Amino acid sequence: MSAEMTDTRAMIAETAERLFADHAEAALAATEAGEWSAALWKEITANGLDRVLMPEDSGGFGGGWQDAFVILSAAGRHAVPVPLADTIAATWLLQRAGLDAPEGLLSLADGDAVGVSRGKVMGTLLRVAWGRSAKCIVAQAVDDDPAMIAAFSPVGSKGAEDRNIGRERRDKLLIDGLDAQCGTGGSVMAVGALARSCQMAGAIAQVLDLCVTYAGERVQFGRPIARFQAIQQQLARLAGEAAAADMAAQVACQALDEGTDGFMEIAAAKIRTGEAAGKAAAIAHQVYGAIGFTEEHRLHHLTRRLWSWRAEFGTESVWAAELGRLVVVRGADNLWPGMTRKA
Amino acid sequence: MSAEMTDTRAMIAETAERLFADHAEAALAATEAGEWSAALWKEITANGLDRVLMPEDSGGFGGGWQDAFVILSAAGRHAVPVPLADTIAATWLLQRAGLDAPEGLLSLADGDAVGVSRGKVMGTLLRVAWGRSAKCIVAQAVDDDPAMIAAFSPVGSKGAEDRNIGRERRDKLLIDGLDAQCGTGGSVMAVGALARSCQMAGAIAQVLDLCVTYAGERVQFGRPIARFQAIQQQLARLAGEAAAADMAAQVACQALDEGTDGFMEIAAAKIRTGEAAGKAAAIAHQVYGAIGFTEEHRLHHLTRRLWSWRAEFGTESVWAAELGRLVVVRGADNLWPGMTRKA
Amino acid sequence: MSQLVFQPRELPAEAEALRAEVRNFLAAEIASYPPAERARSWVGFDPEFSRKLGARGWLGMTWPAPWGRKASALERYVVIEELLAAGAPVAAHWIAERQSGPLLLRFGTEEQRQYILPGIAAGETYFCIGMSEPDSGSDLASIRSRADKVEGGWKVNGRKVWTTYAHKSHWMIALLRTGEAGENRHGGTTQFLIDLSAPGVTVRPIRNMIGDEEFNEVTFDDVFVPDGMLVGAEGEGWRQVTAELAFERSGPDRFLSAFALLVELVRFAEGLGPGSGANAAIGRLYAHLSVLRAMSVSVAARLDAGEEPALEASVVKDLGVTFEQEIPEIAQQILGFAPRLDGGSDLEKALAYVQQACVSFSLRGGTTEIMRGVIARGLGLR
Amino acid sequence: MSQLVFQPRELPAEAEALRAEVRNFLAAEIASYPPAERARSWVGFDPEFSRKLGARGWLGMTWPAPWGRKASALERYVVIEELLAAGAPVAAHWIAERQSGPLLLRFGTEEQRQYILPGIAAGETYFCIGMSEPDSGSDLASIRSRADKVEGGWKVNGRKVWTTYAHKSHWMIALLRTGEAGENRHGGTTQFLIDLSAPGVTVRPIRNMIGDEEFNEVTFDDVFVPDGMLVGAEGEGWRQVTAELAFERSGPDRFLSAFALLVELVRFAEGLGPGSGANAAIGRLYAHLSVLRAMSVSVAARLDAGEEPALEASVVKDLGVTFEQEIPEIAQQILGFAPRLDGGSDLEKALAYVQQACVSFSLRGGTTEIMRGVIARGLGLR
């Protein structure tokens, strides 16, 4: 019920943080060179972080989204360059649909749905995280039931590897009649949006920490730039954005853990974390100046991902239009009762 | 051709500035008390400022919109609480339509068009500056020709006095069969928007001057607040907004003086001055703190008008949608050629 | 990791039960209260309404017996947010219940409490705060109004400005100079309870730019204040005030001031149809508001648990004010035309009020610059 | 009245005639240049293209004979804005023609001019600027790289960073310490022309976060610079640099960097139909851009008339950078999904580039904070 850190969750957080701290830097260098970070992925799966949402009898932690949050926000903090978020989100959808969630790299189709006919899927997927290398891809199915999902292996698909601004692989897949399993799993866009919100919350927190440290060290005009009121005001704004993003993602995770579909909370989370991401990246680069624009500095691992993540699984504009539509349909007199409604 | 200040224009500017400086304060006090500033209006008409756009043989200056700009921006600077802008704009439309522009208080219908049938007008006008007291009201007529205007006296109309946020009279008029003259005059919304843009440019310049002076005088934490970097940064932004608003309004005036319809320039002017107005008011009140929120201080005469003027004759959102539509219709490849096109 | 700690908190069942009760009360009491009045939010002054709240036991409810029933701060939170969301007229008792009562509980004498608290809890005794002076503003260390020791009490002289509703209040908690500032500029001030009906007190309303009289200038001319009216410790005024300010920054009044306008905006959008361009703006505001509320609840829960989340409270205030001040701007662009003061729709009237009032939102409890300076200090930057 | 003076100016007929000529040239030369390349704007480095511009007489055109034809600065303005609006690759000659040539005309010796200017005007000689150092950044007074007097010249040691395209340039104009800073912190520096092929010069490219190599670190290890290569007066470096910076702040490169993205955004909106929600965003950007251009032309005209509108130039830069940096944000929200780096549309590719590059827009010629500080000083606030 409460969001207090449970003992298990604290342990998960510590495991994730230690693992990412040990491996992320090397993994980022490999990713920039176009390589797959096999060592990091192996550690993640060996520790079962990818199975956090799976029941214990399926080799998982039996955790909830609040547990996933501590993993994904830590992954965001370290700009972890493997599709852990997509894999966790996929296990959730597969589970809800009563489908098998195979071990290994799973992925989600961002923005595109597949047609399903007699157990075969067809369609073009433009942005699938490491899609060409995934064991199983989950996509929304075109169906009367908007929660219908299709799960299939990409083996036999055509397509090409591609990348987002963060240099994370986002592959194009052309699918023409692969075997698929279907079930009522939920909204792929919503679950993907929640995963990205958690990652963004972590990345923004890290951007804040980097900036605060840098501002205290960097000397200009004879004193640390942290002493300039203009910098202080900017970093105070950044702190507010970081806090809001963190809360927005946590609230959405909590809503799912309470058994609701959490759709409005997820929409709010993607909108709020996305807006925070844009502001945080802008402020950070302003504070860092030229050094932050170099490949050598790690800031861009975070900011380039923030720009990508805020746009993946729906930009703020897309989610805001949808959330606003729901709010307006509910009506003015239900605005406050709706916002304070208990799950 | 050039926008250099002509001798005549400099003389007009000096006359307007002196006249407003002498009378505006008393007129503002009267307006706040709900009274009409007869003395100020008498001076304005005695000096012919309301007839600046009329040809000399009609008792005018034979001036152009760049001459009107110096009058209207000075009126904005002094928050002149009489419908000089609406009167000047009305003379322009009447002249273009080949209709008589009677001497005295003229006004424009903001946002509402009238139906015309057999020389009689009908309609409801919700926002007409001092409309119940005007000698002649100019409204867009519902007609195949979008430039068709109707001019009529409000005598015989029903309605009620009302006010905008700036406490300027904006009357409601119910018109049911008054005599009207019609002609092809142009867009009432556009000419009204230009007039408000000129007023806003002046008011924002004055807001900047007030803030700079105040920041140099007001002492907090042992030094003038002008010495705080946060205040400096805000006032630098305000200066930029003031400069942009001034330029936007001038460019639109120049476009009309060159004989074009100036529609895109007017749209740009209303968008840019309106945005500047919002930012300027927010910064100014932030700089002034509580003192700026009191009735005693003159800042609100400017800021309350800025909020009203930016919304009158179309908010930025209305004009931006229209301007954007034109830009998109013209197409991507004509974006730059269109922007640099000579009149 | 950044030093800010926000965790989502559930409101306890008692608080949710109370919510239904408050809503029923409001439905009965202010059903016909028009939107333009609701938009005035906690500026609406209505002693009758305050007395009704007192009769319900909703004022001072978190105070220990005999003054209150030591309810959870989260129960009080629910009462407050329901009142503010409804735009109920809470100004009469607002400062007394929120700020002065708690101050007396913390620093006051038993005699002061017995004398004052029952009236506050009944919704009958109203307070104002005397901090700012003509030349001080946000810089409380520079105040010059003074209290000089005399036989049996203090003689007060000076002037306070921006004292909200002083002309309708019974008491002022005044910060006065009683000694030298000293090296850190913050010593030598003391808080006093001043009876506003005492001889030598002159209250002059300062009309604000909306035309309302909320502010006042209060002048003290040899006002005698008995010894028993000194609050807390002599010379400790600045410290007492600072503690008081910090924890009141994160309440729902920091992001619900423009809520009535938002309600009218949604009503307007209902008329625009399902695919209108207003949706995205409304969706974004809803997202911001729901996150702000969660943050505010989180701070309230930590306060309730005896923690002192001062930095988090400042962050909520800064984000909240930014949010509130955006609403009229957005509403105006969606409306598309200028609001009329007298004959306009509910949305127009609410917009006209909030457009003007919103510039004062950032004056309460520290300007935006000062609030961000506080946050920067919390981040270790100063 | 505020001290800022902006008047709309007409471009002269010769300039407009030249515009048609430049457009024809560009239509022939870079018709097939893809949008993602155009989005690189003045970062595109193409010596062949620069030589063609030189052959047309469009480099150094405002310079006096024999170097140029003393054309009006407004003619040059039109050439520049046409090149930038087309996203033509102007980086090779950009700094040489815009900054180094004019510096030599103003402060250089006749010998330096004869030696250098013809190559710049031909689009064959390229320059970089050596100002920032690892520990200086915006604070030019703190530079430590030095030139020590030796027989017949100077011995240079130290390091310069953020030198754009040093690895492809022939010369650097370096600001070096030649004496003590003195009381106002700004003395003791001198500008030198440094041949980048001289022994002891090491150029190390610094890859930026987009993966491009534009920046360099240039190290001087006992580099000998002949006496004849000192520019202007010894000890006057800071003053010379400041004058140089001020007047380059208002050019169209301060608001056209993201123009190619705006073009693709309009193209995308063409496909959305006449009533799309993109219209308002595009209309607003168009309004801002057209006003910025008018302001920039106004400053150019005043410069052409021999005035020194330094404050106005700073205002144009500040507004321009704010505008440019907004464009990717707005384009992203209209697009609605994440751009793909390799297989995406022209809009996606342009967005991906500008989204990353835009953080560097405010690095050029002073950060936003510094620029606003300059404006505040101009307003009399500091």
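The values are calculated or read from the model by the stated rules, or taken from the named source; none is laboratory data. Computed from a predicted structure; not experimentally measured. Positions of Cβ are generated from backbone atoms using ideal geometry, with glycine treated the same way; all protein chains shown enter the neighbour counts.
General remarks:
- The single condition among (1) free of Cβ contacts under 8 Å to residues at least 12 places away in the same chain; (2) buried (at least 24 other Cβ atoms within 10 Å of the Cβ) that A:Asp50 does not meet is (1).
- Counting only helices (runs of 4 or more DSSP H) that sit wholly inside segment C:248-352, those with at least 3 residues that are closer than 26 Å to A:Glu241 by Cβ and facing another protein chain (nearest Cβ under 7 Å) are C:278-304, C:310-335.
- Count of segment B:1-59 residues, restricted to those that are hydroxyl-bearing (Ser, Thr, Tyr) and in a helix (DSSP H, G or I), is 5.
- For segment B:205-240, a tally of residues being over 22 Å from the mean Cα position of the chain (by Cα), among the β-branched types (Val, Ile, Thr), more than 8 Å from every other protein chain (Cβ to nearest Cβ) and surrounded by 23 or more Cβ atoms within 10 Å (Cβ to Cβ) returns 1.
- Taking segment B:280-333 as the range and being basic (Lys, Arg) and either more than 8 Å from every other protein chain (Cβ to nearest Cβ) or more than 18 Å from D:Gly273 (Cα to Cα) (or both) as the test, the residues that pass are B:Arg298, B:Arg304, B:Arg305, B:Arg310, B:Arg330.
- Enumeration of residues in segment B:114-137 that are touching a Ser or Thr at 6+ places or on another chain (Cβ under 7 Å) and surrounded by 19 or more Cβ atoms within 10 Å (Cβ to Cβ): B:Val128, B:Ala129, B:Trp130, B:Gly131, B:Ala134, B:Cys136, B:Ile137
- Scanning segment D:9-25 for residues that are without any contact (Cβ under 8 Å) to a residue 60 or more places away in the chain and closer than 21 Å to D:Asp304 by Cα yields D:Glu10, D:Ala13, D:Ala17.
- In summary, A:Ala180 fulfils each of the numbered conditions (1) touching a Phe, Trp or Tyr at 6+ places or on another chain (Cβ under 9 Å); (2) within 14 Å of chain C (Cβ to nearest Cβ); (3) touching a residue at least 24 places away in the same chain (Cβ under 8 Å) with the single exception of condition (2).
- D:Phe220 satisfies every condition listed in (1) at pLDDT 95 or above; (2) closer than 16 Å to D:Leu103 by Cα; (3) among the hydrophobic types (A, V, I, L, M, F, W, C) except (2).
- At least 2 residues being within 14 Å of chain A (Cβ to nearest Cβ) and modelled with pLDDT under 95 is the threshold, and among the strands (runs of 3 or more DSSP E) wholly inside segment D:144-217 those reaching it are D:201-207.
- Scanning segment D:153-175 for residues that are more than 14 Å from D:Pro205 (Cβ to Cβ) and hydrophobic (A, V, I, L, M, F, W, C) returns D:Trp154, D:Val156, D:Trp171, D:Met172, D:Ile173, D:Ala174, D:Leu175.
- Taken over segment C:365-380, the residue count meeting the criterion of being more than 7 Å from every other protein chain (Cβ to nearest Cβ), of a type in the set (D, E, K, R) and either touching a Gly at 6+ places or on another chain (Cβ under 7 Å) or within 15 Å of B:Tyr288 (Cβ to Cβ) (or both) is 0.
- In segment A:19-49, residue nearest to the other protein chains (Cβ to nearest Cβ) [restricted to those that are within 12 Å of A:Ile71 (Cβ to Cβ) and out of contact with any Asp or Glu (no Cβ under 8 Å at 6 or more places or on another chain)]: A:Phe20
- Looking across A:Ala244, A:Ala320, A:Ala248, A:Ala282, one residue alone is in contact with a Leu (Cβ under 8 Å, 6 or more places away or on another chain) and either modelled with pLDDT of 95 or more or surrounded by fewer than 24 Cβ atoms within 10 Å (Cβ to Cβ) (or both). It is A:Ala244.
- Leading residue by the ranking (surrounded by the fewest Cβ atoms within 10 Å (Cβ to Cβ)) among those in segment D:332-365 that are under 18 Å from A:His285 (Cβ atoms) and touching a Leu at 6+ places or on another chain (Cβ under 7 Å): D:Gly365
- The set of residues in segment C:224-233 that are surrounded by 16 or more Cβ atoms within 10 Å (Cβ to Cβ) and out of contact with any Lys or Arg (no Cβ under 7 Å at 6 or more places or on another chain) comprises C:Val225, C:Met229, C:Leu230, C:Val231, C:Gly232.
- Pair list, Cβ under 7 Å, 6 or more apart: segment B:316-343 residue over 14 Å from D:Arg293 (Cβ atoms), other residue among the polar types (S, T, N, Q) and not in a loop (DSSP other than H, G, I, E, B): B:Glu316/C:Gln333; B:Ser317/C:Gln333; B:Ala321/D:Asn279; B:Gly324/D:Asn279; B:Arg325/D:Asn279; B:Val328/D:Asn279
- Among the residues of segment B:290-316, those that are part of a helix (DSSP H, G or I) and surrounded by fewer than 22 Cβ atoms within 10 Å (Cβ to Cβ) comprise B:Ala290, B:Ile291.
- Condition check for A:Gly60: in contact with a helix residue (DSSP H, G or I) (Cβ under 7 Å, 6 or more places away or on another chain), over 21 Å from A:Glu312 (Cα atoms), surrounded by fewer than 24 Cβ atoms within 10 Å (Cβ to Cβ) and at pLDDT 95 or above: no
- Just one residue in the set C:Ala86, C:Ala15 is within 21 Å of C:Ala350 (Cα to Cα), within 14 Å of another protein chain (Cβ to nearest Cβ) and of a type in the set (A, V, I, L, M); that residue is C:Ala86.
- Taken together, A:Asp162, A:Asp171 contain a single residue that is crowded, with 24+ Cβ neighbours inside 10 Å, within 12 Å of another protein chain (Cβ to nearest Cβ), touching a Leu at 6+ places or on another chain (Cβ under 9 Å) and not small (Gly, Ala, Ser), which is A:Asp171.
- Top-ranked residue of segment B:242-263 - restricted to ones that are more than 8 Å from chain D (Cβ to nearest Cβ) and closer than 21 Å to D:Ala281 by Cα, ranked as nearest to the chain's Cα centre (by Cα): B:Ala249
- Out of B:Ala150, B:Ala201, B:Ala193, B:Ala205, sole residue that is touching a residue at least 24 places away in the same chain (Cβ under 8 Å) and in a strand (DSSP E or B): B:Ala150
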